[in-house]
Amino acid sequence: MIRSILSTILLSCLAMTAFAQDYTERKDITKKEVKKLREAINSGRSNGTDKAIKVFNKLLKKYPDFVEIYLRKGSIHYQKKEYSKAKENFLAAIAKAPEFDSEMYFSAALTLYALEEYGAAGFHFEGYLERGATNKRKEAKARRMMQNSNFAHEALQNPVTTQFDKLPASINTSAREYGATESIDGESILFVRRDSRSDELMVATKDGEDYLVAPAFAEFDEFAEIGTFSFSANGKFVVFTSCNNRNGFGGCDLYYSRIKNGQWIAPRNMGLVINTPAWESQPSLSADGSALYFSSNRKHGLGGKDIWVSLRGGDRNGWTMPINLGANINTKENEESPFIHADGYTLYFRSNGLPGMGDFDNYFSARKGDHLSWTKAANMGYPINTLGHDGGLTVSLDGERGYTSTDREFLENRSTNTNLEVFTFPIPEYAKPILTTYLKVNVVDAITKKPISANKIDLVDGESGAILSRNEAEDGVFITSLPTGRSYGLSVEMEDYIFQSRYFDLAGINNALDPYVITVEMVPIPKAEYPDIVYDTPVVLNNIFFEIGSAKLKDVSMVEINRLSETLKSQPTLKIRIKGHTDKVGGSSANKKLSEDRAKAVYNALATNGIELSRLSYIGVGEADPIDTNDTDAGRQSNRRTEFILIR
């Protein structure tokens, strides 16, 4: 390929336009010398490069301004990877005849780039473009390499302060290891190991200073050419790549599996909503499992491989038609290895179409709102990105550690090991995700206190009431990760139980590794065998809010009121009494009046939603029945509540 490029360049250089010349050309030498020159050129093309160089040097001794000879010599040295000698000859040609042809600037720039002289390479790529590219394809390549050269020049002068540590030999072997991802609790690392036979998902569990490594899935052994995996935060849903399967739609497809009754179900193809006859690979699930990012060269992209996202909640197997992430992420070249951090907003990926250091570099971008709006991708910087082959990047839950697969050891130490190996390094401040913790919800029966499975758990934004994700709690446990610094609502619904809600604020959470734990006690819908305790157990409406000192409901409260309305409509025999409570601030009579007015506001909202008044009643008890202290802000907030009880 290199020989073809340089031959084309050289031919173009020799097709000179007529202008005043201060250099030697073929017409200025003897016929005998022209014949020797042609023989030397043919010799160089047939691996007789040493003989050709001798002839070229002899001619240059007699004709030191023979520009064609410098270009011929430079081409041979470049093909032999003798870049210093190639540089000397290409720059000599430019010095003797700056306007000989634009192509010699391209040749010099390629040579300087190979020598890692990026500032000079960028200058000569610019010189080539200023003098006019010979075709659009080469022009596009020159522009891209000029950007890379200028970026590399600046990056090498301003390296990121970081420290790379190679993971131990129990993980890094003579095989290729890639796709490393840290578990949500930081106790294990999942990665893919590729040997001469296959790719296999491995799990490495911390064991002192080392790791115990074992295959992660025996259940998936029948799948050929398994690639990268991505798990939901609770570890119960997985999407992975498998190539060249009989039930596939393209070369590589995405498959999924989930845990049911304690076992992984047989993996299933994600279907034609996700997969196409093209290439779909490298999945990354959001922590709550509601969004799936992946790389694909499917139709209607912006370039080669683009990054796409599909949202859970669509037709068929529950996923929407994938959306291209757009020009702030994708280019005319290739974008691969997406990793959406547990914060749900920060995306890391690699690209060879954006300004960078080498073949593929790692980048990051932040979601600004919906999945179509992203900040312009930013390079992670040097030496996170190297001059060689940089694999995908993943980041720990707390945003402190990154994992990447790279051949940096070969580049830095001239090691004989050119395999991809897994390294870890601290994430620079500018590239850190939103501080994130993880939420653990335990769902139990309010009477028996035993775990129960909930098939509908909604996480909502604490300010707007918008549903952020819809989940389930198999075996009574739901785990996800959430960005800190904001408030959330939680509602749990299941058949034969009264729905429950919670409100929680993560504004003061600064520790990502300690879970925020919520236990939700589900009150059964009364049946003959249930004791009176069912009727005496209050259900707090944690996501009903009022204006300060007022009985006016905030708009966000309608999410909770609508959910309670649906429960009452689905259980037409239920009757409830709404109870309003206040804290102890203010006079007792005023508090009793405020609590009654607030209970009545909920009563009226339910009636407006079509609930018969004969099934509703309300009462205000003021400050008389606290459930927490009135000496702290948090305690007083708990005491200010609206709840209901079932009545016979």
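When the stretch 398-423 is examined, which residues are found to be modelled with pLDDT of 85 or more, within 16 Å of Gln163 (Cα to Cα) and either assigned by TED's automatic domain parsing to the domain that holds Pro483 or assigned to a loop (DSSP other than H, G, I, E, B) (or both)?
Going through the stretch 398-423, the residues modelled with pLDDT of 85 or more turn out to be 398-405, 421-423.
If we keep only those that are within 16 Å of Gln163 (Cα to Cα) as well, we get 399-405, 421-423.
Result: Gly399, Glu400.
Of the residues examined, Ser464 is not one that is touching a residue at least 24 places away in the same chain (Cβ under 8 Å), crowded, with 16+ Cβ neighbours inside 10 Å and either part of a strand (DSSP E or B) or hydroxyl-bearing (Ser, Thr, Tyr) (or both).
The residues of the stretch 573-588 that are surrounded by fewer than 20 Cβ atoms within 10 Å (Cβ to Cβ) and not small (Gly, Ala, Ser), listed by number, are Thr573, Leu574, Lys575, Arg577, Lys584, Val585.
So for the stretch 337-346 (the condition being within 30 Å of Gln157 (Cβ to Cβ), without any contact (Cβ under 8 Å) to a residue 24 or more places away in the chain and touching a Phe, Trp or Tyr at 6+ places or on another chain (Cβ under 9 Å)), does at least one residue qualify? No - not one qualifying residue is present in the stretch 337-346. Within the stretch 559-572, the set of residues being crowded, with 16+ Cβ neighbours inside 10 Å and either of a type outside the set (Val, Ile, Thr) or not assigned by TED's automatic domain parsing to the domain that holds Ala599 (or both) comprises Glu560, Arg563, Leu564, Ser565, Leu568.
Yes or no, residue by residue, for (1) closer than 30 Å to Tyr105 by Cα; (2) in a loop (DSSP other than H, G, I, E, B); (3) of a type in the set (A, V, I, L, M, F, W, C):
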{"position": "Arg137", "(1), (2), (3)": "yes, no, no"}
{"position": "Ala142", "(1), (2), (3)": "yes, no, yes"}
{"position": "Asn148", "(1), (2), (3)": "yes, no, no"}
{"position": "Glu154", "(1), (2), (3)": "yes, no, no"}
{"position": "Val160", "(1), (2), (3)": "no, yes, yes"}
{"position": "Ile171", "(1), (2), (3)": "no, yes, yes"}
{"position": "Tyr178", "(1), (2), (3)": "no, no, no"}
{"position": "Gly186", "(1), (2), (3)": "no, yes, no"}
{"position": "Ile189", "(1), (2), (3)": "no, no, yes"}
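Is at least one residue of the stretch 75-84 assigned by TED's automatic domain parsing to the domain that holds Ser149, free of Cβ contacts under 8 Å to residues at least 40 places away in the same chain and under 20 Å from Leu59 (Cα atoms)? If you could, list the steps in order and put the result at the bottom.
Pass one, the stretch 75-84, residues assigned by TED's automatic domain parsing to the domain that holds Ser149: 75-84.
Of the ones still in play, those that are also free of Cβ contacts under 8 Å to residues at least 40 places away in the same chain are 76-77, 80-84.
This time we only want the ones that are under 20 Å from Leu59 (Cα atoms), so: 76-77.
Looking through the stretch 75-84, at least one residue is assigned by TED's automatic domain parsing to the domain that holds Ser149, free of Cβ contacts under 8 Å to residues at least 40 places away in the same chain and under 20 Å from Leu59 (Cα atoms).
Within the stretch 114-157, take every residue that is under 33 Å from the mean Cα position of the chain (by Cα) and of a type in the set (Asp, Glu) and give me the one that is surrounded by the fewest Cβ atoms within 10 Å (Cβ to Cβ). Only one residue fits best here, namely Glu116.
When Asn604 is tested against (1) in contact (Cβ under 8 Å) with a residue 12 or more places away in the chain; (2) of a type outside the set (Asp, Glu); (3) not in a loop (DSSP other than H, G, I, E, B), only condition (1) is not met. Output yes when any residue across the stretch 612-619 is within 18 Å of Val539 (Cα to Cα), part of a helix (DSSP H, G or I) and not assigned by TED's automatic domain parsing to the domain that holds Met494, and no when none is. Looking for residues that are within 18 Å of Val539 (Cα to Cα), part of a helix (DSSP H, G or I) and not assigned by TED's automatic domain parsing to the domain that holds Met494, one finds at least one in the stretch 612-619, hence yes.
Considering the conditions (1) at pLDDT 90 or above; (2) within 20 Å of the chain's Cα centre (by Cα), Asp288 is excluded by exactly one of them, (1).
Within the stretch 467-486, which residues are within 23 Å of the chain's Cα centre (by Cα), more than 14 Å from Asp288 (Cβ to Cβ) and in contact (Cβ under 8 Å) with a residue 40 or more places away in the chain? Working first, answer last.
Let us first name the residues in the stretch 467-486 that are within 23 Å of the chain's Cα centre (by Cα), namely 467-471, 478-486.
Adding the requirement that they be more than 14 Å from Asp288 (Cβ to Cβ) leaves 484-486.
Result: Thr484, Gly485.
For Gly313, indicate whether it is over 14 Å from the mean Cα position of the chain (by Cα) and at pLDDT below 95. Yes; evaluated as a whole, the condition is true for this residue. Reported count of residues in the stretch 387-397, each being surrounded by fewer than 23 Cβ atoms within 10 Å (Cβ to Cβ) and part of a loop (DSSP other than H, G, I, E, B), is 2. In the list Gly235, Gly227, Gly251, Gly262, which residue meets the criterion of being of a type in the set (Gly, Ala, Ser) and either more than 25 Å from Ile307 (Cβ to Cβ) or touching a helix residue (DSSP H, G or I) at 6+ places or on another chain (Cβ under 8 Å) (or both)? When all the criteria are applied, what remains is Gly262. Apart from one condition, Ala473 fits all of (1) touching an Asp or Glu at 6+ places or on another chain (Cβ under 9 Å); (2) among the small types (Gly, Ala, Ser); (3) buried (at least 18 other Cβ atoms within 10 Å of the Cβ); the exception is (1).
Of the residues in the stretch 301-311, at least one is under 18 Å from Ala287 (Cα atoms) and not aliphatic (A, V, I, L, M). Assessment of the stretch 449-461 against the conditions (part of a strand (DSSP E or B), loosely packed, with under 14 Cβ neighbours inside 10 Å and outside the structural domain of Leu553 (by TED's automatic domain parsing)) yields at least one matching residue. Return a yes/no flag: does the stretch 236-246 have any residue that is closer than 23 Å to Ser365 by Cα, part of a strand (DSSP E or B) and assigned by TED's automatic domain parsing to the domain that holds Gly344. Taking every residue of the stretch 236-246 in turn, at least one turns out to be closer than 23 Å to Ser365 by Cα, part of a strand (DSSP E or B) and assigned by TED's automatic domain parsing to the domain that holds Gly344. Residue count for the stretch 246-267, restricted to those that are of a type in the set (D, E, K, R) and either touching a Phe, Trp or Tyr at 6+ places or on another chain (Cβ under 6 Å) or under 18 Å from Glu335 (Cα atoms) (or both): 2. Pairing residues of the stretch 565-576 that are closer than 18 Å to Leu541 by Cα with residues that are in a loop (DSSP other than H, G, I, E, B) and among the basic types (Lys, Arg), at Cβ distances under 9 Å and at least 6 apart in sequence or on separate chains, gives Lys575/Arg648.
Listed by first and then second residue, the pairs with beta-carbon distance under 7 Å, at least 6 apart or on different chains, first residue in the stretch 32-43 and farther than 15 Å from Ile76 by Cα, second surrounded by 17 or more Cβ atoms within 10 Å (Cβ to Cβ), are Glu33/Leu59; Lys36/Val55. Only one entry in Ser310, Ser365, Ser290, Ser295 is within 23 Å of Leu190 (Cβ to Cβ), hydroxyl-bearing (Ser, Thr, Tyr) and in contact with a Phe, Trp or Tyr (Cβ under 6 Å, 6 or more places away or on another chain), namely Ser310.
For the stretch 83-100, check the following and say yes or no: at least one residue is outside any loop (DSSP other than H, G, I, E, B), of a type in the set (S, T, N, Q) and under 30 Å from Pro426 (Cα atoms).
To start, the set of residues in the stretch 83-100 that are outside any loop (DSSP other than H, G, I, E, B) comprises 83-96.
Checking the rest, the ones that are also of a type in the set (S, T, N, Q) come to 84, 89.
From what's left, under 30 Å from Pro426 (Cα atoms): none.
Looking through the stretch 83-100, none of the residues is outside any loop (DSSP other than H, G, I, E, B), of a type in the set (S, T, N, Q) and under 30 Å from Pro426 (Cα atoms).
The values are calculated or read from the model by the stated rules, or taken from the named source; none is laboratory data. As the structure is a computational prediction, the values presented were derived from the model and not from experiment. All Cβ positions, even for glycine, are placed from backbone atoms using ideal geometry, and neighbour counts span all protein chains on display.
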